1. What helices (runs of 4 or more DSSP H) completely inside the range 1-120 contain at least 2 residues that are at pLDDT below 90 and farther than 20 Å from L196 by Cα?
2. E233: surrounded by 15 or more Cβ atoms within 10 Å (Cβ to Cβ), over 17 Å from the mean Cα position of the chain (by Cα) and at pLDDT below 95, yes or no?
3. Which residues, taken from the range 34-73, are out of contact with any helix residue (DSSP H, G or I) (no Cβ under 8 Å at 6 or more places or on another chain) and either in contact (Cβ under 8 Å) with a residue 24 or more places away in the chain or crowded, with 20+ Cβ neighbours inside 10 Å (or both)?
4. Can we say E153 is in contact with a helix residue (DSSP H, G or I) (Cβ under 8 Å, 6 or more places away or on another chain), surrounded by 15 or more Cβ atoms within 10 Å (Cβ to Cβ) and of a type in the set (D, E, K, R)?
5. Name, by its number, the condition in (1) touching a Pro at 6+ places or on another chain (Cβ under 6 Å); (2) surrounded by fewer than 16 Cβ atoms within 10 Å (Cβ to Cβ); (3) of a type in the set (A, V, I, L, M) that does not hold for A148.
6. Would you mind stating whether A139 is at pLDDT 95 or above and either in a loop (DSSP other than H, G, I, E, B) or hydroxyl-bearing (S, T, Y) (or both)?
7. Consider the range 101-114. How many of its residues are out of contact with any His (no Cβ under 8 Å at 6 or more places or on another chain), of a type outside the set (S, T, N, Q) and in contact (Cβ under 8 Å) with a residue 40 or more places away in the chain?
8. Test of understanding: among I81, I138, which residue is out of contact with any Pro (no Cβ under 6 Å at 6 or more places or on another chain), more than 15 Å from Y47 (Cβ to Cβ) and surrounded by 15 or more Cβ atoms within 10 Å (Cβ to Cβ)?
Amino acid sequence: MLDVFRIATTFKSTEVWHMRVAFISGTSIVNSTLFASWDLRKIGTQYGEVTYKTKGGFALINRHGYALPLPPHSINYRANIQALADLGYQDIVSLNSVGSLKKDLPPGTFVSCSDYVGLQQGPATFFDQELKGGAPLIANNLIPRLIAQLAPEFVVHPGKVYVQMRGPRFETKAEIQIVRHWGDVIGMTAAHEADLCTEAGLSYNSLALIDNYANGLEGTEIDFAKFKDLVKENQVRVNRLFSRMLEILG
């Protein structure tokens with residue numbers, strides 16, 4: 001019996017190493033032609049149904065959904081992460097659109113965050129009915145490999161701090177003047193995903209593309225229409241980044 005268990009465990013570990021990498025990203029990348037040939041599937045979880053795309057050993061979730069895109073504060077984060085856990089994925093690579101809080105991190109820069117601030121709202125959790133909760137963590141176990149092999153085409157700045165706000169509106173200039181001292185970039189989604197991945201035993205890897213300076217920094221004025229235009233302008237680079245990651249992780 002022991003030998004059977006050892007063989008089964010070895011096979012499972014080998015299969016996980018070879019194929020189980022999932023991506024979480026936003027609407028623009030999921031709707032791009034890069035993933036047009038991927039299979040569209042659905043999976044039910046105890047937190048709701050999740051639509052995802054898959055090809056080979058990869059899976060891709062649009063965190064905002066495939067129907068009318070949900071704003072950040074309405075995303076079903078628990079269903080998304082539970083779906084990836086139920087599908088057997090261990091390593092998760094997330095791509096987030098962020099605003100820069102630092103002059104030396106201009107729009108167009110790729111970063112990886114190793115820590116985060118999420119004080120504006122309680123974290124998403126699987127433990128609503130239990131006195132339980134783990135220490136926060138961004139594993140970034142795949143990031144050194146990705147940074148090394150994406151270079152020199154892509155330069156990724158690691159070790160940044162992500163400041164999460166609730167959304168769906170962008171932050172006021174006064175709010176930015178406060179939180180600019182808390183971290184390097186600002187967004188509305190990654191902290192929830194990192195918390196849930198940690199609770200589920202999944203390894204969360206952070207990548208983020210800076211699409212704009214935060215409201216009021218470096219003389220900027222930002223609104224949602226301008227933000228969508230900035231995201232579209234970066235689409236080609238994001239597509240290329242994903243193409244390279246699929247090569248590296250495949």
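The values are calculated or read from the model by the stated rules, or taken from the named source; none is laboratory data. Keep in mind it's a predicted model, so treat the numbers as computed, not measured. Every residue, glycine among them, receives a Cβ derived from its backbone with ideal geometry; neighbour counts consider all protein chains shown.
1. It comes to 2-19, 27-30.
2. Against the criterion (surrounded by 15 or more Cβ atoms within 10 Å (Cβ to Cβ), over 17 Å from the mean Cα position of the chain (by Cα) and at pLDDT below 95), E233 does not qualify.
3. Correct list: L40, P71, P72, H73.
4. On the way: in contact with a helix residue (DSSP H, G or I) (Cβ under 8 Å, 6 or more places away or on another chain): yes; surrounded by 15 or more Cβ atoms within 10 Å (Cβ to Cβ): no; of a type in the set (D, E, K, R): yes.
No: the conditions fail for E153.
5. (1)
6. Numbers: at pLDDT 95 or above: yes; either in a loop (DSSP other than H, G, I, E, B) or hydroxyl-bearing (S, T, Y) (or both): yes.
Taking the combined requirement at face value, the residue satisfies it.
7. So in the range 101-114, the residues out of contact with any His (no Cβ under 8 Å at 6 or more places or on another chain) come out as 101-104, 106-108, 113-114.
From what is left, the residues that are of a type outside the set (S, T, N, Q) are 101-104, 106-108, 113.
Subset that is in contact (Cβ under 8 Å) with a residue 40 or more places away in the chain: 101-103, 106-108, 113.
Adding up the residues that qualify gives 7.
8. When all the criteria are applied, what remains is I138.
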